[in-house]
Amino acid sequence: MPALVLLGAQWGDEGKGKATDLLGGSVDYVVRYQGGNNAGHTVVVGDQKYALHLLPSGILSPGCTPVIGNGVVVDPSVLFSELSGLNERGVDTSKLLISGNAHIITPYNVTVDKVTERFLGKRKIGTTGRGIGPTYADKINRVGIRVQDLYDESILTQKVEAALDAKNQMLTKLYNRRAIATGQVVEELLGYAEKLRPYVTDTVLVLNQALEQDKVVLFEGGQGTLLDIDHGTYPFVTSSNPTAGGACTGSGVGPTKITRVIGILKAYTTRVGAGPFPTELFDEDGEALRRIGGERGVTTGRDRRCGWFDAVIARYATRVNGLTDFFLTKLDVLTGWEQIPVCVAYEIDGKRVEELPYSQSDFHHAKPVYEMLPGWSEDITGAKSFSDLPKNAQAYVKALEEMSGAPISAIGVGPGRDETIEINSFL
Ligand code: GDP
Ligand code: IMO
Ligand code: MG
């Protein structure tokens, strides 16, 4: 009953979509367990490029059943536009399963996300504006709308009314916006009910039965470890748990069932939105990483902030997720540098610190301590095995592995499915 968790080890956009798609051919179920359409996962198959936001990347593998777990927040309008976009390109999406307990991103959650960010001004988080935070806030406040609520008009009306009660006070009195009418929201949500019905099921039961029958289940995280609401750089985080424990709560599969936890790790570091980032570069090296790595957000089109690899973060990801493996991505992007700096520790108030500080202020003051590793100039995009890599690229990978605390079991040398060096099998 192999159950694998695949998650981002940094601030998201590590290449989770590519890694999930690569494994998708050998697994029976791919499950999203948290987040929503704030994610942007790029998958390149041959000359075709797909950008997935809400749907699990396994949807592109014909034998695989994609599942949206209870921990995900679902914007139905985004779901249907993503499904029809894939159908137009010949992808069969009929196997999709959606948990009846997943929460719905309502139009007022999107409004509240945008208005709150505007109100925060300089202190804004830089959210994706997709209503993610307000939807999770409603869930925790116990005024959320779940997928199953769409099948009882009277319950739905009562719940929307309860949710809008306080929000309309806030929108009209604090933010000077118009109130949102319950009837209008209920009508829009009911309009999705029948279209959603074929997909909605008890995904907890389905997944646990699948594991009992020795099927292979892969849990695909959105975002990354440092965007986790508990373990990330709070408050500059997303409002869910991308870390490994989230795979259990967000799917209803117990921790004793998880056999492998794979951290997707970029060979350098990127971040979108506000918040601390010790190795961030503001010079031509940062520009070069952005240009060569194509570091532009899949969801919002924002330029990603870029910096050197940070081993302190990688070690932290190993610890909080209990990682068994790393999948190192985008090694090819580093081709051409004579020397590559790698952050091995921080200097905080004149002291060397080896581990991620728990104090937010300390992390804001952390200065990277760099070790220089020799670079390589040979094109590595065609490399099929570790020994095909130039000596210095091999040494870079080995050094990262030693610093990061878990074996590097695969290496990405290009965006395509085939542009991967597999070292240890994941299954
Ligand atoms: P995700 O959110 O973690 O799925 O990552 P994104 O799709 O947002 O960003 C990763 C980007 O890097 C995408 O454009 C991928 O096609 C691309 N990519 C993934 N792995 C590699 C790799 O090994 N090399 C290169 N050059 N690009 C990669
Ligand atoms: P994938 O799955 C990178 C960031 C936003 C913002 C913060 C909160 O593609 O790796 P939210 O809209 O979630 O409330 O925004 O989190 N963020 C991401 N950054 N990749 C993502 O997803 C992200 N999803 C959210 O930029 O800083
Ligand atoms: Mg992304």
Within the set K330/K384; K195/K257; K257/K384; K16/K139; K49/K266, which residue pairs have Cα atoms separated by over 22 Å?
-> K195/K257; K257/K384; K16/K139
Helix axis angle, 182-196 relative to the chain longest principal axis, alpha carbon, degrees = 70
In what order do S154, S240 fall by count of nearby beta-carbon atoms within 10 Å, going from fewest to most?
-> S154, S240
Select from P66, P134, P390 the residue whose mean-square fluctuation is largest in a Gaussian network model of the chain (Cα-Cα springs shorter than 10 Å).
-> P390
Calculated from backbone phi, Karplus (6.51, -1.76, 1.60) coupling profile of segment 260-270 in Hz, x at Gly/Pro | 8, 10, 9, x, 8, 10, 6, 5, 9, 10, 9
Residue by residue, what Karplus-based ³J(HN,Hα) values in Hz, rounded to whole numbers, does segment 284-300 have, using 6.51, -1.76 and 1.60 with θ = phi - 60° and x for Gly and Pro?
-> 5, 5, x, 4, 5, 4, 5, 6, 5, x, x, 7, 10, x, 6, 8, 10
Rg(Cα)/(2.2 N^0.38 Å) for the chain, N = residue count = 0.98
Kirkwood-based Rg to Rh ratio, segment 146-294, C-alpha trace = 1.07
Folded to 0 to 90 degrees: helix 153-169 orientation relative to the chain principal axis, Cα | 70
Virtual spin-label span in nm between K398 and D349, 7 Å along Cα→Cβ = 4.0
Loop sites in segment 358-427: GluC sites (Glu not before Pro), DSSP, at most 15 other Cβ within 10 Å | E378
Which lysines does K351 reach when only Cα atoms under 22 Å apart count, and residues fewer than 8 places away in its own chain are ignored?
-> K367
Roughly how many whole Å is it from the C-alpha centroid of segment 7-25 to that of segment 303-329?
-> 13
Those residues of segment 274-299 whose amide nitrogen sits under 16 Å from the label point placed on Y234, 7 Å along Cα→Cβ | 276
Can you run phi through the Karplus equation (6.51, -1.76, 1.60; θ = phi - 60°) for segment 307-318 and list ³J(HN,Hα) in whole Hz, with x for Gly and Pro?
-> x, 6, 4, 10, 6, 5, 5, 4, 5, 5, 4, 4
Between segment 96-115 and segment 44-79, how many Å separate their Cα centres?
-> 17
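Any read-out appearing in this document is the output of simple, stated calculations on the displayed coordinates, not a laboratory observation. As the structure is a computational prediction, the values presented were derived from the model and not from experiment. Here the Cβ is made from the backbone with ideal geometry for all residues, glycine too, and neighbour counts use every protein chain on show.
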